[in-house]
1. Can you pull out every residue in the stretch 79-121 that is closer than 16 Å to residue 139 by Cβ and open to solvent by 20 Å² or more (accessible area, probe 1.4 Å)?
2. Name the residue, out of 68, 73, that is open to solvent by 40 Å² or more (accessible area, probe 1.4 Å) and assigned to a helix (DSSP H, G or I).
3. Hey, can you tell me all the residues within the stretch 33-51 that are open to solvent by 80 Å² or more (accessible area, probe 1.4 Å) and touching a residue at least 24 places away in the same chain (Cβ under 8 Å)?
4. Restricting attention to the stretch 106-128, report how many residues are touching a Gly at 6+ places or on another chain (Cβ under 7 Å) and modelled with pLDDT of 95 or more.
5. Does the stretch 117-131 hold any residues that are within 17 Å of residue 102 (Cβ to Cβ) and either part of a helix (DSSP H, G or I) or among the hydroxyl-bearing types (Ser, Thr, Tyr) (or both), and which are they?
6. Kindly indicate whether any position in the stretch 33-45 is in contact with a Phe, Trp or Tyr (Cβ under 7 Å, 6 or more places away or on another chain) and assigned to a helix (DSSP H, G or I).
Amino acid sequence: MWKRLALGGLVCLLAGCGSVLQDDGEVALKQGRLDDAARQVQAAIAQDPGNLQLHELAAEIFTRRGERYYSQREMIAAAKEFETATHYDPMYAPAYDYLGMIAFWNHNWQGAIDYGNRATELEGRLDPPYVQQAKQELEKVKNGGLAPLSRSQSAKSGEAAGNSH
């Protein structure tokens with residue numbers, strides 16, 4: 001074990017710890033070990049905080065972790081992961097898209113619109129269906145019209161919105 005640690009330390013000295021940790025994080029991501037990937041990339045960023053490639057990798061990792069929670073309908077945990085992703089890379093559109101879908105699920109129509117618009121601006125695409133539906137629901141609320149969708153209806157609409165990631 002000591003030989004392995006010494007070898008790891010030597011590799012860090014020769015190649016730079018940040019790149020070794022980045023490589024380990026990428027391998028863990030490819031293997032689906034998202035928690036390991038997150039630890040590796042955070043350690044790499046601590047060694048090389050200005051490395052934009054590491055920040056992009058972190059955004060991808062945390063978004064993938066968020067997707068896992070989102071698919072299990074653990075929206076608070078999912079939102080935390082997506083917010084972490086946008087902290088690391090404010091230009092990472094998929095995280096904003098998921099934050100928009102979570103806002104929609106919570107009947108936060110303006111949040112769904114804002115996050116969805118941010119994602120579409122970054123990706124250069126049209127508004128997804130959940131943004132269009134959120135605009136309609138917000139208009140109803142502003143006009144004192146019909147009650148907003150029930151949670152089960154909004155979940156179905158969010159699923160129908162599709163997940164392009």
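1. 107, 108, 110, 114, 117
2. Among 68, 73, only 68 is open to solvent by 40 Å² or more (accessible area, probe 1.4 Å) and assigned to a helix (DSSP H, G or I).
3. The one that is open to solvent by 80 Å² or more (accessible area, probe 1.4 Å) and touching a residue at least 24 places away in the same chain (Cβ under 8 Å): 47.
4. The qualifying residues number 4.
5. Pass one, the stretch 117-131, residues within 17 Å of residue 102 (Cβ to Cβ): 117-120, 127-131.
If the condition is that a residue be within 17 Å of residue 102 (Cβ to Cβ) and either part of a helix (DSSP H, G or I) or among the hydroxyl-bearing types (Ser, Thr, Tyr) (or both), then 117, 118, 119, 120, 129, 130, 131 are the ones that fit.
6. Scanning the stretch 33-45 turns up at least one residue that is in contact with a Phe, Trp or Tyr (Cβ under 7 Å, 6 or more places away or on another chain) and assigned to a helix (DSSP H, G or I).
The values are calculated or read from the model by the stated rules, or taken from the named source; none is laboratory data. Every value quoted in this text rests on a predicted model; they were computed, and no experiment measured them. Heads up, the Cβs are rebuilt from the backbone with ideal geometry, glycines too, and the neighbour counts pull from every protein chain shown. Heavy atoms of the whole protein, side chains included, go into the accessibility calculation; ligands, DNA and RNA do not. Shrake-Rupley method; radii C 1.70, N 1.55, O 1.52, S 1.80 Å.
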